[in-house]
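What follows is a single structure, written as structure tokens, with notes after it.
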Amino acid sequence: QVQLVESGGGLVQAGGSLDLTCEVSGSISAANAAGWYRQPPGTQRELVATIDRLGRTNYADSVKGRFTISRDNADNTVYLQMKNLKPEDTGDHYCTLGNFIGANYYPNHGWGPGTQVSVSS
């Protein structure tokens with residue numbers, strides 16, 4: 001029943017910025033966190049950033065200082081602001097809803113279909 005739809009992907013040159021938006025709907029009360037994953041072509045998915053119900057955030061080392069995850073509970077929206085993009089940031093980006101169990105995030109309440117980010121040199 002949970003639906004997540006990402007938008008905002010596109011093509012950008014290295015050093016540029018993109019802002020991703022995730023619109024969330026459905027029965028989401030059981031979730032207490034959201035996370036963005038990315039999947040470069042031919043690779044497995046990588047957790048990029050998470051935000052929990054208290055607004056605490058975590059980032060993969062590769063994006064720290066460049067990406068910012070945020071949310072707007074009133075609008076049921078999760079954001080990923082990406083700056084100083086690098087070619088290695090290229091890939092499909094997915095919004096997820098899930099839970100933290102201890103320090104570990106589990107995307108156990110839904111995935112969006114993804115939005116593609118392409119960063120050229």
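The values are calculated or read from the model by the stated rules, or taken from the named source; none is laboratory data. Owing to the predicted nature of the structure, the values given are computational and were not obtained by experimental measurement. Cβ placement follows ideal geometry from the backbone for every residue including glycine, while neighbour counts extend to all protein chains displayed. Note: accessible area is taken over every heavy atom of the protein model, side chains too, but ligands, DNA and RNA are not part of it. Shrake-Rupley method; radii C 1.70, N 1.55, O 1.52, S 1.80 Å.
Does the stretch 1-12 hold any residues that are open to solvent by less than 60 Å² (accessible area, probe 1.4 Å), farther than 13 Å from PRO107 by Cα, assigned to a strand (DSSP E or B) and not polar (S, T, N, Q), and which are they? Of everything in the stretch 1-12, those that are open to solvent by less than 60 Å² (accessible area, probe 1.4 Å), farther than 13 Å from PRO107 by Cα, assigned to a strand (DSSP E or B) and not polar (S, T, N, Q) turn out to be GLU6, GLY10, VAL12.
Scan the stretch 33-56 for residues that are closer than 20 Å to LYS86 by Cβ and either in contact with a Phe, Trp or Tyr (Cβ under 9 Å, 6 or more places away or on another chain) or polar (S, T, N, Q) (or both) and the total you get is 11.
Within the stretch 38-70, if we keep just the residues that are open to solvent by 50 Å² or more (accessible area, probe 1.4 Å) and aliphatic (A, V, I, L, M), the residue that is nearest to the chain's Cα centre (by Cα) turns out to be LEU47. Restricting the stretch 18-32 to residues that are of a type in the set (S, T, N, Q) and in a strand (DSSP E or B), the residue that is nearest to SER62 (Cα to Cα) is THR21.
Just to be sure I understand, how many residues within the stretch 103-120 are out of contact with any Phe, Trp or Tyr (no Cβ under 6 Å at 6 or more places or on another chain), of a type outside the set (Gly, Ala, Ser) and open to solvent by 40 Å² or more (accessible area, probe 1.4 Å)? Of the residues in that region, 6 qualify.
Only one entry of GLY15, GLY98, GLY35 meets the criterion of being open to solvent by less than 70 Å² (accessible area, probe 1.4 Å), modelled with pLDDT of 95 or more and not in a strand (DSSP E or B), and that entry is GLY15.
Scanning the stretch 36-66 for residues that are among the aliphatic types (A, V, I, L, M) and closer than 18 Å to SER17 by Cα yields VAL48, ALA49, ALA60, VAL63. In the stretch 86-95, the condition of being out of contact with any Asp or Glu (no Cβ under 8 Å at 6 or more places or on another chain) and either without any contact (Cβ under 8 Å) to a residue 12 or more places away in the chain or among the aliphatic types (A, V, I, L, M) (or both) is met by no residue.
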